[in-house]
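Participant: Starting off with a structure, shown below.
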Amino acid sequence: MSNNNYDSFTRVPEGQPDGSGGQFTQRRRNPPSESLSVESLAELHPETLRKRRGHRFYPPKRDLARIPSLDSGYKQPIEDQKAYVSYFTNNRNFYVLELDQQTGEAFGVITDSQQQFAEPSRFNLPELEKATGRFEIQTQNERVLAQRVPAVERDCHFDGPKPLRDLIPSWNSRSSAEHGG
């Protein structure tokens with residue numbers, strides 16, 4: 001086994017031979033491109049709702065630079081992985097753990113607003129950026145004013161990276177019980 005940081009394991013679906021008799025096969029990954037700008041996500045996927053949102057949807061450069069590349073951290077338990085950016089809607093939270101900065105595809109955890117439900121998932125940040133909802137206000141003269149508003153917001157006050165066990169209380173207690181705490 002090589003000590004190179006760019007060696008990783010690729011999951012092979014059960015029933016498909018990987019040549020070694022096991023479920024995992026080693027694969028060589030290309031090292032992260034030094035020429036890839038951390039601005040590439042915003043450059044490749046311009047924000048469509050920036051003016052209505054009032055702030056940037058994508059994280060600042062310093063935060064983007066810290067987010068691991070997609071599929072880089074699945075060797076460790078999900079509770080121990082760190083969230084680098086947080087997005088929210090009226091009833092969901094999206095925690096970004098890994099990111100492909102060219103496509104905007106992210107791996108993270110989606111929770112309900114009370115964090116009773118948490119599911120590891122992939123989601124696409126440019127698609128979330130474009131999502132809108134309908135906001136209606138009824139005036140005194142019974143007129144309804146409707147407007148399309150951004151449905152997903154970045155939590156500008158989120159100070160990552162933070163371990164998921166600190167963000168999702170039910171995972172913290174589950175992890176403690178599993179480890180005899």
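The values are calculated or read from the model by the stated rules, or taken from the named source; none is laboratory data. Computed from a predicted structure; not experimentally measured. Using ideal geometry, Cβ is built from the backbone for each residue, glycine included, and neighbour counts are taken over all protein chains shown.
Participant: So if I check each of THR89, THR139, which one is among the β-branched types (Val, Ile, Thr) and either modelled with pLDDT of 90 or more or at positive phi (or both)?
Facilitator: Answer to the selection: THR89.
Participant: Applying the selection to segment 58-101, what residues are farther than 23 Å from ILE168 by Cβ and among the aromatic types (Phe, Trp, Tyr)?
Facilitator: Matches in segment 58-101: TYR58 only.
Participant: Kindly check whether there is at least one residue in segment 100-111 that is acidic (Asp, Glu), in the same structural domain as LYS162 (by TED's automatic domain parsing), assigned to a strand (DSSP E or B) and in contact with a helix residue (DSSP H, G or I) (Cβ under 9 Å, 6 or more places away or on another chain).
Facilitator: For segment 100-111, residues acidic (Asp, Glu), in the same structural domain as LYS162 (by TED's automatic domain parsing), assigned to a strand (DSSP E or B) and in contact with a helix residue (DSSP H, G or I) (Cβ under 9 Å, 6 or more places away or on another chain): present.
Participant: Got a number for residues in segment 46-69 being surrounded by 20 or more Cβ atoms within 10 Å (Cβ to Cβ) and not aliphatic (A, V, I, L, M)?
Facilitator: Summing the residues that are surrounded by 20 or more Cβ atoms within 10 Å (Cβ to Cβ) and not aliphatic (A, V, I, L, M) in segment 46-69 gives 3.
Participant: Can you pull out every residue in segment 70-88 that is surrounded by fewer than 17 Cβ atoms within 10 Å (Cβ to Cβ) and part of a loop (DSSP other than H, G, I, E, B)?
Facilitator: ASP71, GLY73, TYR74, LYS75, GLN76, PRO77
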